[in-house]
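For reference, the structure is listed below as structure tokens.
The values are calculated or read from the model by the stated rules, or taken from the named source; none is laboratory data. Keep in mind that this is a model prediction, so the values were computed, not measured. Here Cβ is always computed from backbone atoms with ideal geometry, including for glycine, and neighbour counts include all displayed protein chains.
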Amino acid sequence: MRGPGEDGAAARGDEDGGQSVVGELGRVTGEVGPGLVGEVMLRVRGGAEAFLAYAAEEGERLPRGTLVVVVEYQPPRTVYVSAAYR
């Protein structure tokens, strides 16, 4: 999922002061799916913030309201997510 030349530090959140969102639960606020850049709200730094979101699994569609888990983070505001419950 990472682009060429990325070593994974970004996915761990090392470039954001250690504030990794990997493993956090969030809610889809803009549909995530093939050909779409979705949006999820995540709890960070004592509040809720919007992140751009892509499906972690190719072809997966996540409608608004779906509870998701972050599986990869790319600073500053992009996450790859999967449904928390199937």
Seminar exercise, completed: Of the listed residues (Val79, Val71), the one being at pLDDT 95 or above and buried (at least 17 other Cβ atoms within 10 Å of the Cβ) is Val79
Problem set entry | Number of the condition not met by Tyr85 [criteria: (1) touching a helix residue (DSSP H, G or I) at 6+ places or on another chain (Cβ under 9 Å); (2) of a type in the set (Ser, Thr, Tyr); (3) at pLDDT below 95] | (1)
